[in-house]
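**Q** Quick one: structure below, then a few questions.
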Amino acid sequence: MPLLKLAKGEDWAMALIVTIRERAEKRGIENANQLGVALGVAPNVSARLWSGEFEKLGMNTFEKLCEVLSCQPNALFRYESQIRKAATKR
């Protein structure tokens, strides 16, 4: 999770949480292979989507995800940010 320095002793942790797997499971898709078949994408692509470990998402794939999972784009991601105290070195 990337950290940005805010003030002395504080970090800002930000995260875009991918919820594709959870949404797919609610629609009866049980694994990455089933997701890949439904989307018409290669197994390595569906595995990354399923695990949430990807950096880029093409608009065609994004649109297909929304179609297959019957959802709006905001249902596939959740944003969380938090300020936390940084560990001090002694």
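The values are calculated or read from the model by the stated rules, or taken from the named source; none is laboratory data. Note that the structure is a prediction, hence the values are computed from the model and not measured. Here the Cβ is made from the backbone with ideal geometry for all residues, glycine too, and neighbour counts use every protein chain on show.
**Q** How many residues are surrounded by 11 or more Cβ atoms within 10 Å (Cβ to Cβ) and on the phi > 0 side of the Ramachandran plot when one looks only at region 41-83?
**A** 1
**Q** Could I ask something else about it? Is it true that Ala32 is modelled with pLDDT of 95 or more, exposed (fewer than 13 other Cβ atoms within 10 Å of the Cβ) and of a type in the set (A, V, I, L, M)?
**A** In short, no.
**Q** Another one. Restricting to region 56-82, what's the tally of residues that are in contact (Cβ under 8 Å) with a residue 24 or more places away in the chain, in a helix (DSSP H, G or I) and under 14 Å from Ser46 (Cα atoms)?
**A** Qualifying residue count for the region: 3.
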